[in-house]
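Below you'll find the structure, written out as structure tokens, and then a few comments.
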Amino acid sequence: MAIDKVKAKELLESIDEVFDVFTKGLNEETKNFLKKAVMGPAIDEIRKLVEDSRPPVLLVMGRSGHGKSSIINALAGKHVATVNDVKPQTPETVPYVITFKESYSTWQIVDTRGIFETTKPSEAKEEDAVTVLKNSIVKYSPDVIMHVISTPSTRNLSNDLKVYKEIMDEVNKEHKISIPTILVLNKADTIGNPREWPPEENAKKTGLLLDVIDYMTKDVLNVERTPLNINYQYRGYTFNEGNYVGIIPVCSLEGDLWNIQSLSDLIGNNLVEEAKLDFFQAQKRNEQLRKVSSSLIKRFTAIASGVGSTPIPIADIAILTPLQLLLITIIGGLSGKEISKETAYEYLAAAGVNVGAAFGVREGARQLSKLIPVGGAVISGGIAGAATYSIGKSAEAYFFYDKNVKLKEIKKEIKKEIKDIDIQKIETIKDKWKVFKFDRKQIMEDEKRK
């Protein structure tokens, strides 16, 4: 399973109803104020993650026969593009829309005609492949470009890199488009003796890969580099300058894939936020989806801390349970669970909270408040933020790593977080609330004068 965007929308609507229940005793002004302050930012975060998400747009370029189509198939995990290692296969730019039904995700991958061919594809309309490439980059404005080069051919392709730089400089100048590009050294298994594979088991192959990478980064590109994995530097590097953001050697041969995950990680790190969910869900990349979850927990914690610092007195911390229930459900969805109230109840039951068979959404929110070690206390920024953070991290550990969660341990973590709360951050949030309160008073006074 994965996050179904239709069900996520339904969840947002039901959580909104829960908030109305918890604010039933408040006057209309306070209720509206809190709705804007609590659920407004929280729902906006989920909308940015889910409703505003879109398919990533990836463009693949390079010479024919260097494995552009096989890279597409390797990343997608299924046969999408036709592979032909002998003659130019792609006559013009071909946009693929790849559907991953089980993950509720789609990608758009743009396969371009090979550049610098001795013969052009028989169906090609344009003679100049470089112009076709430039026009494709402008037309599709991809999130990430993969420049695919066959590893054994690297010492003969410095002209390709020069031409690409000229294309990107021109595109950037004329259209203000700057696109992160990954240098993909495909067919890494074929450098030297193909039988000496994989590199983890063949020291000579590892040495050859490092030699190629050193040549490309130091002699050709002349860029500062940082290893993707300090223990296995032959798996690639990232750059902090120029059009290229990194270099990754891979083997995209069906049945013998190697280092594709490193390529996937680097693509994901360079995608804009709205394109990440579809990309990682399609690949079932749990660790990357967990990072999305952790980022969401931090933002929800900030929202809760701000609510706790409001100048409007709130009698009970339970007012935050709709926000926390929403957070738990989305974390479960990111881990592969179905987006539904049952996912939140599964976590509550695991934590030791009694969940009945006829449990409704509202009752689920009430039960969630049992996790807070200070139930009934006047809400504060420290308590609100610590409780939301600890519940979020506990849910993350449960859904992503199958770790047991216990009521006593969660309460213990919340108390610890309260002690470690960033006072300066809370004071800043308080100042923002004071400004908001002053603006509201000013509006009311202006209305009276009228």
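Does residue 62 satisfy the criteria of being modelled with pLDDT of 80 or more, touching a Gly at 6+ places or on another chain (Cβ under 9 Å), at positive phi and in the same structural domain as residue 184 (by TED's automatic domain parsing)? Here the answer is yes, as residue 62 does meet what is asked.
Scan segment 27-58 for residues that are in a loop (DSSP other than H, G, I, E, B) and among the β-branched types (Val, Ile, Thr) and report the count.
In the first step, residues of segment 27-58 are kept if they are in a loop (DSSP other than H, G, I, E, B); the result is 27, 38, 52-56.
Now drop any that are not among the β-branched types (Val, Ile, Thr), which leaves 38.
Count: 1.
Residues that are of a type in the set (A, V, I, L, M), under 21 Å from residue 291 (Cβ atoms) and not in a loop (DSSP other than H, G, I, E, B) within segment 324-348 comprise 326, 327, 328, 330, 331, 334, listed in sequence order.
Report yes if some residue within segment 266-276 is in a loop (DSSP other than H, G, I, E, B), more than 30 Å from residue 48 (Cβ to Cβ) and at pLDDT below 95; otherwise report no. Before the answer, list the steps.
Filtering segment 266-276 for residues in a loop (DSSP other than H, G, I, E, B) gives 270-272.
Still in the list and also more than 30 Å from residue 48 (Cβ to Cβ): none.
Scanning segment 266-276, I find no residue that is in a loop (DSSP other than H, G, I, E, B), more than 30 Å from residue 48 (Cβ to Cβ) and at pLDDT below 95, so the answer is no.
Per the conditions (1) closer than 28 Å to residue 256 by Cβ; (2) at pLDDT below 90, the sole criterion not satisfied by residue 158 is (1). Answer yes if at least one residue in segment 207-216 is modelled with pLDDT under 95, assigned to a loop (DSSP other than H, G, I, E, B) and of a type in the set (A, V, I, L, M, F, W, C), and no otherwise. No, segment 207-216 contains no residue that is modelled with pLDDT under 95, assigned to a loop (DSSP other than H, G, I, E, B) and of a type in the set (A, V, I, L, M, F, W, C).
Restrict the check to segment 67-78 and report whether at least one residue is buried (at least 17 other Cβ atoms within 10 Å of the Cβ), in contact with a helix residue (DSSP H, G or I) (Cβ under 7 Å, 6 or more places away or on another chain) and either in a loop (DSSP other than H, G, I, E, B) or β-branched (Val, Ile, Thr) (or both). Reasoning before the result, please.
In the first step, residues of segment 67-78 are kept if they are buried (at least 17 other Cβ atoms within 10 Å of the Cβ); the result is 67-76.
Next cut, in contact with a helix residue (DSSP H, G or I) (Cβ under 7 Å, 6 or more places away or on another chain) only: 74-75.
From the residues that got through so far, the ones that are either in a loop (DSSP other than H, G, I, E, B) or β-branched (Val, Ile, Thr) (or both) too are none.
No, segment 67-78 contains no residue that is buried (at least 17 other Cβ atoms within 10 Å of the Cβ), in contact with a helix residue (DSSP H, G or I) (Cβ under 7 Å, 6 or more places away or on another chain) and either in a loop (DSSP other than H, G, I, E, B) or β-branched (Val, Ile, Thr) (or both).
Within segment 132-152, is even one residue in a loop (DSSP other than H, G, I, E, B), in the same structural domain as residue 242 (by TED's automatic domain parsing) and farther than 20 Å from residue 266 by Cβ? For segment 132-152, residues in a loop (DSSP other than H, G, I, E, B), in the same structural domain as residue 242 (by TED's automatic domain parsing) and farther than 20 Å from residue 266 by Cβ: absent.
The values are calculated or read from the model by the stated rules, or taken from the named source; none is laboratory data. Note that the structure is predicted; figures quoted are calculated from it, not measured. We place every Cβ from the backbone using ideal geometry, glycine too, and count neighbours over all the protein chains shown.
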